[in-house]
Amino acid sequence: MKSILGRKAGMTTVFAPDGTMYPVTVIEVLPNVVLDKRTNEKNGYEALVVGYEDKKARTLSKPRLGLFTKAGVSPKAHIVELKGDEIYGKNVGETLTCDLFQTGEVVDLIGHNKGHGYVGTIKHYHHAVGPRGHGSGYHRQIGSLANNGRCNNRVIPGKKMSGHWGPKQCTVQNVVIVESNPEKGYILVKGGVPGPKKALVVLRTAVRHQFKKPVVKALVNNAAKPADEAKGE
């Protein structure tokens, strides 16, 4: 097991040798600096505490600044715990880079979906609207909460109602890495990634490794070309 923290940059397309176009997500992976280590003796589990992206020291509190001073690194904007046997050997002050993952590996992506605020059932669950004409006063309301004669003294738990929609943590499993570029510091993964642009994403080794589609193998085994290069040819 291994994992690393990155930031979703956006989406683009790559072309397989047969001309088939596939959507990919670009994940910017800056060096993850190890700030501390969690041990079984002290914490009950093993993990690395890493920092991501530099931040000005004057914006930090003294306790938080002391963490970076003790580790001997520059202040970081984000602090995350990463687990994995293959990365636990890193010492404080060392870095994790995107060469940790290779092209063709299958990973899980952990992120937070987009936040939509407080929304109604029409927007959240795509419920039907009421009549739009003839003086109807019912348009986008939640509708009846009756239970068709069953337990009419209460609302059954799980009823789809208005409420807060996201952001919640979600995981996309078995995503194939199309390209890993340590020189430029990015990873291309096939398909979409949870969250909006610039959202933080954790890449980890897939817990249930499997190829869902054979076409993905063909895309990885052959050198995929970015869309800009393919159009230029």
(request) Just need a number here: residues in region 26-68 that are surrounded by 13 or more Cβ atoms within 10 Å (Cβ to Cβ) and not in a loop (DSSP other than H, G, I, E, B). (result) 22
(message) On the basis of being in the same structural domain as THR39 (by TED's automatic domain parsing), in a strand (DSSP E or B), buried (at least 17 other Cβ atoms within 10 Å of the Cβ) and in contact with a Phe, Trp or Tyr (Cβ under 9 Å, 6 or more places away or on another chain), does VAL107 make the cut?
(response) no
(message) Take the conditions among the hydroxyl-bearing types (Ser, Thr, Tyr), more than 26 Å from HIS209 (Cβ to Cβ) and surrounded by fewer than 16 Cβ atoms within 10 Å (Cβ to Cβ) and apply them to THR95. Does it pass?
(response) yes
(request) Report yes if ASN91 is in a loop (DSSP other than H, G, I, E, B), among the polar types (S, T, N, Q) and assigned by TED's automatic domain parsing to the domain that holds LYS37, otherwise no. (result) yes
(message) Looking at region 55-84 only, could you name the residues that are charged (D, E, K, R) and modelled with pLDDT of 90 or more?
(response) LYS76, GLU81, LYS83
(message) Tally up the residues in region 129-170 that are surrounded by 13 or more Cβ atoms within 10 Å (Cβ to Cβ) and in a strand (DSSP E or B), please.
(response) 2
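The values are calculated or read from the model by the stated rules, or taken from the named source; none is laboratory data. Because the structure is predicted, anything quoted here is derived from the model rather than measured. Backbone-built Cβ (ideal geometry, glycine too); neighbour counts: all protein chains shown.
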